[in-house]
Amino acid sequence: MPGIRYPLEVNPDIRHALLNQLATAVREVHLRDLFATDANRFANFSLYEEEFLLDYSKQRVTPEIMVALRALWPAADGPGWTARMRAGDAINHTESRAVLHTALRHQGDTPVFHTGRDVMPDVRRVLGKMAHFCDAIHQGHWRGATGEHIRDIVNIGIGGSDLGPRMASQALAAHHRPNLTVHYVANLDAADLAPLLLRLDPARTLFIIASKTFTTQETMQNAASARAWLTTALGEAAVAHHFVAVSTNLPAITAFGIDPDNAFEFWDWVGGRFSLWSAIGLPLALAIGMDNFRQLLAGGAAMDAHFFNTPIERNLPLTLALLELWNVNFLGAETRALLPNSQSLALLPR
C-alpha cells in the first residue's frame, strides 16, 4: 500500500536532526553488511513476547537508531495518548469518537469508562446474548420456519462487517464445528450472492445482516435479495426464523421483519477495522463455537495488556510502529508488502 507520512507530534528538534543523519548514513548500507559486522544481529534485533517472535533484524536499523526511535515515544506524548485512549477520550479526531475496541476483549472485573459510564456491563450482556444464540443454533433449539435444523449461515456485510470475521473464519477453519457452514457475501454484484443461493436450502439457511445503521447500500441490497429468495420459497412469516441482525437501528430491523430480540448491538466507539471483536464476530462465533471465540478475545486482551504494560524496549506493537515510522518518514519507503506465511492467513492483507 502507498506509504503515508506519520506526524511525529513533536517540534522539529535534535531528535529529527539525529534521525535524519542516521538515515543518511544507513540508507545505502546492504543488509548483509549489517549481519557481517554483528554476529549476534538476530538476537540483538528480535523480541519474543507473548509467544510471538518479532524478528526485525532485516530492517535497516542499528542500536543507535533504535535508541533514537524509542526516544520519540515520550517526546510525542505516547504514554499520554495511551492513557487518553484507555480513559475513553475521543482520540479518533477525524470522527470525534473514542477508540475502545480493547473493551470488547477486556478480561476481569475492572471497569472501562466512556463518557463517565462503565461500558463493560453492555459488552458482557451482548457476549452473553451471542453465547445463547450460538448454543441455540448448535444444539438445534433454533430451527427454520419448517422445523429444519440450520446448516448454513450467510453473513451479509461489507468492509469491517465482512473482512474481519471472514479472515478469521478462514484462519481458524480447523476449529469449525461440523454440520454448520458459514458463508460471506459483500459484493453488490449478483455474481457474489446468486451462485451461493443456488447451492443452499432456504429451510436450513440463516442470514446475518451486519450493518450498524441498517442503511448501508450494498449490504441492504444484498439483504433484500436474500429476503426475496427466502420468502419466495417459505413465505413472509419465515423471515423472523431465518434472519438476525447486527445493528442498532431497531425500527429498520423491525420493518425488515426481524424480531428486535434477535438484534445484536455494538457501539460507535468500535472502529470498523476492529469490529471483529464485537457482535460483528457473530458468524465467526457460530463457526468455531463461543468457547473458542472467548479464547480469541482473551488472546486479544493479552496483547492489549502487553502493549499497555511492557517497557518500550520489549513492546511488540510499539516496535512495529516505530519501524513503520522509520521506514516511511526517514528512509522514504513508499510501499509495504504484507506476506502471510500460511495459506490460512491469505485474507490478512485485505
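Quick note: the coordinates plus some simple rules give every number you see, no bench work behind them. As the structure is a computational prediction, the values presented were derived from the model and not from experiment. Backbone-built Cβ (ideal geometry, glycine too); neighbour counts: all protein chains shown.
Filtered by the rule that a residue be touching a Gly at 6+ places or on another chain (Cβ under 9 Å) and part of a helix (DSSP H, G or I), segment 191-217 gives 202, 203, 204. Check residue 184 against each of (1) closer than 14 Å to residue 280 by Cα; (2) in a helix (DSSP H, G or I); (3) not β-branched (Val, Ile, Thr) and name the one condition it does not meet. With respect to (1) closer than 14 Å to residue 280 by Cα; (2) in a helix (DSSP H, G or I); (3) not β-branched (Val, Ile, Thr), residue 184 is out only on (2).
When you look at residue 313, is it surrounded by fewer than 19 Cβ atoms within 10 Å (Cβ to Cβ) and under 29 Å from residue 94 (Cα atoms), yes or no? So residue 313 fails the test.
Within segment 142-175, the set of residues being part of a loop (DSSP other than H, G, I, E, B) and among the hydroxyl-bearing types (Ser, Thr, Tyr) comprises just one member, 146. Of the helices (runs of 4 or more DSSP H) lying entirely inside segment 35-96, those containing at least 1 residues that are in contact (Cβ under 8 Å) with a residue 12 or more places away in the chain and more than 27 Å from the chain's Cα centre (by Cα) are 41-44, 63-75. Residues that are part of a loop (DSSP other than H, G, I, E, B) and surrounded by fewer than 16 Cβ atoms within 10 Å (Cβ to Cβ) within segment 255-270 comprise 259, 268, listed in sequence order.
Of all residues in segment 210-225, exactly one satisfies the criterion of being surrounded by fewer than 23 Cβ atoms within 10 Å (Cβ to Cβ) and in contact (Cβ under 8 Å) with a residue 60 or more places away in the chain, namely 218.
Counting only residues that are out of contact with any helix residue (DSSP H, G or I) (no Cβ under 9 Å at 6 or more places or on another chain) and of a type in the set (Lys, Arg), segment 122-173 holds 2 of them.
On the stretch given as segment 110-143, residues that are under 22 Å from the mean Cα position of the chain (by Cα) and touching a residue at least 60 places away in the same chain (Cβ under 8 Å) total 10.
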